[in-house]
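Here is the structure we will look at, set down as C-alpha cells.
What follows draws every value from the coordinates through simple rules; no lab data is involved. Computed from a prediction, not measured in an experiment: that's the story for all the values here. FYI the Cβ positions are ideal-geometry reconstructions off the backbone, even for glycines, and counts take in every protein chain you see.
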Amino acid sequence: MQNQTKIILDTDPGGDDIFALLWLLSLVKQGCVQLVAVTTAEGNVNKSVTFASASQVLNFTGFECIELGKGVVGNTDIEDAAYIHGADGMGNISQTLPDVKHDYACARDSDDIIIDKLNANPGEITLLAIAPLTNLAVAESKSPGILKKAKEVIVMGGAFTVPGNVTSKAEFNIAFNVEAAEVVFKSRNDIVVLPLDITNQLIFTPEMARKVYSHNPEKPVAKFVVQLCDFLTDTSLTYRQTEGKKGFLVHDAATVAYLFYPETLFLQRARVEVETHGKLTKGQTIFDNRHIAKTDANAWVALKVDAANLLASFVEDLKVLLTYNS
C-alpha cells in the first residue's frame, strides 16, 4: 500500500465543507488518505447541526467508524451562514439521508481529539482547517505548542487582494472568531492559507455534478451530489456569490487540492496578520507584499490557481467515490 497522508479534518458543514469531505473520502478509498478524525466546529450552522451533518455524510458513505468530535463555542459577532447552506447545513435535504450514527452526548470535544492525536503522532498528521479556527485555538491554549506537532496546518480562510464575503474586508472563517485566528497564526511559521483570492475562482457547476452523477446514478452519493449542488447554486445566484455564473464556490476543496494536486496552486511566502479590533476592518487578513525579505514570515499564501485542472481533478475523484461506494 502506498504511503498514506494522515489527516484531521476540522469542519463546519456547510455545503462546500461536505464536498471537501467527499473528496477526502474518495482519496481514502483510493488508499491515499488515512482520515484520522473529523472534528466539527460551530460556524456555517450551530455546533450540534455541524456534528449531525458530518455524521450523516460519514454514515451513508460507509465511514461511520471514523471518530467525530463536537465543537467548542468561541466568541463571535458574526451570524451563521444557514441562509446559504440551509438550516441543516446541507441544503435542507438531511431528512433524505440515513440517521446520525455518532452520539453527540458521548462524543469527545474536538479540541481534545486534536490534542490527543497530535501528541500520539507528532509530525505525522496534517490539519485541514476549513471552519472558523475555534477548535485549533482552544487546543493551542490548552496545550501550548500542540499545533507545531502537526505535519502541516492548512487553512481555508482570509482575503488579501479581493473583498471579503461577510464584510468588505473580512472572510467568514476568520471573521467568525478573530481571536482564534490570531492564536493559530501565531502558533507556527508555516501555516498554509487558501484565501478567497483563489477560492472565488472555484465554481462547481451543475454540469460537473451531473458528470459525477452519470458515472453511477444508482449510488446514493450521486443523487446527493446533484441535490446539494442544485441547492447551493440557487442560493449562490441569489446572493451573487458567483457573479451570475451558474454554480457555487467550493472554497474548502482548495485545501485538498493543495495536498494532492499542488501543481494547481502558486503560493507566496508572507507574514499574515489578523485585524482583531478595527471598527470597519475586524477580521481582515493582511500581509506585506512589498519585495522585501520575509524574515518574520508565518505563512504560505495561495494567490494563483489553475481552477480548470483543480476542478477536473475534483470531478474525477468524486467518480471514484461512486465507483467504490456501497
Worksheet item: FRET efficiency for LYS246 and THR96, Cβ-Cβ distance as r, R0 = 25 Å, nearest 0.05?
Response: 0.60
Item to complete: Just grab the label-to-label distance for LYS223 and LEU237, each label 7 Å out from Cα along the Cβ direction, in nm (one decimal).
Response: 2.4 nm
Worksheet item: When a footprinting reagent is the concern and you count Cβ atoms within 10 Å, what order do ASP80, ASP17, ASP109 take, fewest first?
Response: ASP109, ASP80, ASP17
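Neighbour counts of other C-beta atoms within 10 Å: give me VAL192, VAL100, VAL162, VAL138 arranged from fewest to most.
By the 10 Å Cβ count, ascending: VAL162, VAL100, VAL192, VAL138.
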Worksheet item: Which of the trypsin sites (Lys or Arg not before Pro) across the range 218-308 are loop residues per DSSP, with 10 or fewer other Cβ within 10 Å?
Response: ARG240, LYS279, ARG290
Practice prompt. Place a +1 charge on the Cβ of each Lys and Arg in the chain and a -1 charge on the Cβ of each Asp and Glu, then give the dipole magnitude about the Cα centre in debye, rounded to the nearest 20.
Written response: 580 debye
Practice prompt. With springs connecting C-alpha atoms under 10 Å apart, model the chain as a Gaussian network and identify which of TYR239, TYR261, TYR83 has the largest mean-square fluctuation.
Written response: TYR239
Item to complete: With springs only between Cα atoms under 10 Å apart, run a GNM on the chain and tell me which of THR238, THR96, THR199 wobbles the most.
Response: THR96
Discussion item. Could you tell me which residue out of ASN309, VAL184, LEU196 lies farthest along the dipole of the chain toward its positive end? Charges go on the beta carbon: Lys and Arg +1, Asp and Glu -1, centred on the Cα centre.
Written reply: ASN309
Worksheet entry | Relative contact order %, the range 120-226, counting alpha carbon pairs below 8 Å whose residues are six or more apart | 26 percent
Worksheet item: In the chain, which longest range has no GluC sites (Glu not before Pro) that are both DSSP loop (not H, G, I, E or B) and surrounded by at most 11 other Cβ atoms within 10 Å?
Response: 80-217
Worksheet item: Relative contact order, percent, of the range 5-324 when contacts are C-alpha pairs under 8 Å separated by at least 6 residues?
Response: 20 percent
Worksheet, complete the sentence: With Cα springs under 10 Å, the Gaussian network model of the chain assigns the largest mean-square fluctuation among ILE174, ILE198, ILE286 to ILE286
Discussion item. Can you tell me what share of the DSSP beta bridges in the chain is antiparallel? A percent to the nearest 5 is fine.
Written reply: 30 percent
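If we count other beta carbons within 10 Å of each Cβ, what is the order of SER187, SER110, SER143, fewest first?
SER143, SER187, SER110
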Response to the item:
So, with points 7 Å from each Cα along the Cβ direction, the VAL320-GLU124 label distance in nm works out to 2.3 nm
